[in-house]
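The values are calculated or read from the model by the stated rules, or taken from the named source; none is laboratory data. Note that the coordinates shown come from a computational prediction; the quantities given were computed from them, not determined experimentally. Heads up, the Cβs are rebuilt from the backbone with ideal geometry, glycines too, and the neighbour counts pull from every protein chain shown.
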Amino acid sequence: MRTQVVIVGSGPSGLLLGQLLHKAGIDSIILEQKSKSYVLGRIRAGVLEQGAVGLIEEAGAGARMRREGLIHDGTEIAFRGERHRIDFKALTGKTVMVYGQTEVTHDLMDVREACGAPTVYEALDVAIHDVETDSPQVTWTKDGKPQQISCDYVAACDGYHGVGRQTIPADKLKTFERVYPFGWLGLLVDKPPLSDELVYTNHERGFALCSMRSLTRSRYYIQCSLDEHVEDWSDDRFWEELTRRLDKEAARRLQTGPSIEKSIAPLRSFVAEPLRHGRLFLAGDAGHIVPPTGAKGLNLAASDVAYLSRALIDFYKSKSSAGLDSYSQRALARIWKAERFSWWMTQMLHNFPESSGFDRKMQAAELDYLFASPAAQTALAENYVGLPY
Ligand code: RFL
Ligand code: PHB
C-alpha cells in the first residue's frame, strides 16, 4: 500500500488536514486508534475563532455550523460578585462562534466519508518508521493483522499522548512545560444557558465558567483540586458548588438538571520544538497543549493545519519545499502567543493554592485594570478572537 500523506489521529487536526488535502487532490489515509463512537463521545472545546470557522468552511464541512453555531460578540468576566463585559466586536470588529468540537468532528467525518477518503478506526500499535529517509513507512494492527503503508509524509495529529512526538529522538526535541495545581470539573446539561454569552468567574472558592453548546444545552466548569475524583461529585454537589461561585444574578438564572456528561481535565501548558523531524510533522495537541481558559486548543490545531496543508499543497503543486521547511517556525510563532494568552487568563482567573497575599493583590489589580482600561480589554479581545494567520 502507498499514499501521499499518512495522518495519525482523527481528532479535529487530522480530519481537517485530511479534508483540505483531499480538496487539493492529495491522497491521505487516517489511522485512528479508537472507535468512531469513542472519538465522537469526547466533550471538549466549544469556542471557534473566525480563522477556524473559515478553514472548516474551506474543508466543505461548514453547512451545519453556519446554521446551528452561535455568534458571540463578547464575553463576561465576574469578580467580587460583579460581571464586566468585554465587547469583542466593538474592540476588534471580530466575533467568535460557539459550536462544539464534537459537532465539528462529526461534520468533518461526514464529509470525509462522503468523498470516500479512507479512515481506519481501531488501528492499534501504530508505529512510524524511516522518517529520516525519502520513504517513510507506517505500520499498525487491525483486527489482529499487521498492516503497512509507505508514504511521502507523516502528519502526527494524534494528540498529547500520541505516538508521533514519541517517534522523534529525545535529543532532537526540546520541551517546555507548566503543570497547574488544579483541574476543571466539567458538566454538560440539557438546559438553556444562564446568559447569552460565556461567563468566566474568579471566585475565592475557585474559578467557574458558564459556557454552552446551543440555546438548549449548557456546559459548566468549576476549578477542582487534582486529587478529586469525578465519582465523588454528584450532580447536586456540582450545582451547589457552582452556585456558590456565581454572582447573585447568574445564580438566580442558573437552570440545573441531570448531567449528560461529567469529567475532570488537568490543566497544563506544553510546547515541543521543533514540530518537524525529517518527513514527520506534528500538528495540534501532539505538539502543544494550552490550559482551556483561553479557548485556544482547537483553534491552535486549526492554525497548525492551515500552515501545514498550505505547505504540503505547495510541495505537490510546485515541488517547492519552502513551506514545509518553515512550517515549524511559523506555527510556533503563533503557538507561543496563544500559550502566553492562555497562561495569562489562567493566572488571572484561578485560585492558586500556594499563592501569597501579594499574588492575590496582583491578581485583583490585574482584573481591576482590565475592567477600567479599554486598552487592556482590547488586548484580551484581540487574543480571544484569534491572532491572524
Ligand atoms: P485530539 O482531539 O486529542 O485528537 C487526537 C486523536 O489521535 C488519536 N490517537 C491515536 N491514533 C492512532 N494511534 C495512536 N497512537 C494515537 N494516539 C492518539 C486519539 O484517539 C484522537 O482521536 O487532538 P487534536 O486533533 O490536535 O485536537 C486538539 C483539541 O482536541 C484540543 O486542543 C481542544 O479540545 C482543547 N480544548 C479547547 N480548545 C479550544 O479551542 N476551545 C475550547 O473551548 C476548548 N475547550 C479543550 C476545552 C480541551 C478540554 N479537555 C478535556 C482537554 C475544554 C476541555 C475540558
Ligand atoms: C467550553 O465550552 O467547553 C469552553 C469554553 C470556553 C473555554 C473553555 C471551554 O475557555
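Of all the residues in the range 302-338, those that are closer than 15 Å to residue 387 by Cβ and not β-branched (Val, Ile, Thr) number 13. Among 331, 338, which is of a type outside the set (Lys, Arg), in contact (Cβ under 8 Å) with a residue 24 or more places away in the chain, in a helix (DSSP H, G or I) and within 16 Å of ligand 2 (Cβ to nearest atom)? After ruling out the rest, the residue left standing is 338. The listed residues are 195, 259, 214, 263, and the only one of them that is within 18 Å of the chain's Cα centre (by Cα) and within 15 Å of ligand 2 (Cβ to nearest atom) turns out to be 263.
Checking the range 211-232 against the condition returns a match, with at least one residue being outside any strand (DSSP E or B), closer than 16 Å to residue 43 by Cβ and in contact (Cβ under 8 Å) with a residue 60 or more places away in the chain.
Yes/no per residue for (1) at pLDDT below 95; (2) in contact with a Ser or Thr (Cβ under 8 Å, 6 or more places away or on another chain); (3) among the aromatic types (Phe, Trp, Tyr):
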site: 218; (1), (2), (3): no, yes, no
site: 221; (1), (2), (3): no, yes, yes
site: 237; (1), (2), (3): no, no, no
site: 255; (1), (2), (3): no, yes, no
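Considering (1) closer than 14 Å to residue 107 by Cα; (2) within 16 Å of ligand 2 (Cβ to nearest atom); (3) surrounded by 21 or more Cβ atoms within 10 Å (Cβ to Cβ), the lone condition that residue 13 does not fulfil carries the number (2).
On the stretch given as the range 261-290, residues that are part of a loop (DSSP other than H, G, I, E, B) and near ligand 1 (Cβ under 9 Å from one of its atoms) total 3. Counting only residues that are surrounded by 19 or more Cβ atoms within 10 Å (Cβ to Cβ) and among the aliphatic types (A, V, I, L, M), which one in the range 66-78 is farthest from residue 12 (Cα to Cα)? Residue satisfying both the conditions and the ranking: 78.
Conditions (1) in contact (Cβ under 8 Å) with a residue 40 or more places away in the chain; (2) more than 20 Å from residue 57 (Cβ to Cβ), marked per residue:
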{"site": "294", "(1), (2)": "yes, yes"}
{"site": "304", "(1), (2)": "yes, no"}
{"site": "307", "(1), (2)": "yes, no"}
{"site": "312", "(1), (2)": "yes, no"}
{"site": "319", "(1), (2)": "no, yes"}
{"site": "323", "(1), (2)": "no, yes"}
{"site": "327", "(1), (2)": "yes, yes"}
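Counting residues in the range 17-28 that are away from ligand 2 (no atom under 16 Å from the Cβ), touching a residue at least 12 places away in the same chain (Cβ under 8 Å), within 30 Å of residue 315 (Cα to Cα) and assigned to a strand (DSSP E or B) gives one or more.
Per-residue answers, yes or no, for (1) within 16 Å of ligand 2 (Cβ to nearest atom); (2) touching a residue at least 12 places away in the same chain (Cβ under 8 Å); (3) more than 30 Å from residue 247 (Cβ to Cβ); (4) touching a helix residue (DSSP H, G or I) at 6+ places or on another chain (Cβ under 9 Å):
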site	(1), (2), (3), (4)
132	no, yes, yes, no
135	no, yes, yes, no
139	no, yes, yes, no
158	no, yes, yes, yes
162	no, yes, yes, yes
187	yes, yes, no, yes
199	yes, yes, no, yes
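For residue 89, the conditions (1) away from ligand 1 (no atom under 15 Å from the Cβ); (2) closer than 22 Å to residue 286 by Cβ; (3) assigned to a helix (DSSP H, G or I) are fulfilled apart from (2). Taken over the range 243-280, residues that are touching an Asp or Glu at 6+ places or on another chain (Cβ under 8 Å) and acidic (Asp, Glu) amount to 1.
Just a yes or no: is a residue in the range 4-24 within 11 Å of ligand 1 (Cβ to nearest atom), under 18 Å from the mean Cα position of the chain (by Cα), modelled with pLDDT under 95 and more than 16 Å from residue 121 (Cβ to Cβ)? No, the range 4-24 contains no residue that is within 11 Å of ligand 1 (Cβ to nearest atom), under 18 Å from the mean Cα position of the chain (by Cα), modelled with pLDDT under 95 and more than 16 Å from residue 121 (Cβ to Cβ). Selection of the range 92-108 for residues being of a type in the set (A, V, I, L, M) and either assigned to a helix (DSSP H, G or I) or touching a Ser or Thr at 6+ places or on another chain (Cβ under 8 Å) (or both) yields 98, 104, 108. Residues in the range 41-60 that are within 15 Å of the chain's Cα centre (by Cα) and outside any loop (DSSP other than H, G, I, E, B) were compared, and the one that is nearest to ligand 2 (Cβ to nearest atom) is 47.
For the range 280-288, the condition holds for at least one residue, the condition being that it is within 25 Å of residue 3 (Cβ to Cβ), touching a Pro at 6+ places or on another chain (Cβ under 8 Å) and of a type outside the set (A, V, I, L, M, F, W, C).
Of the residues 82, 58, the single one that is closer than 16 Å to residue 302 by Cβ, out of contact with any strand residue (DSSP E or B) (no Cβ under 8 Å at 6 or more places or on another chain), among the charged types (D, E, K, R) and touching a residue at least 12 places away in the same chain (Cβ under 8 Å) is 58.
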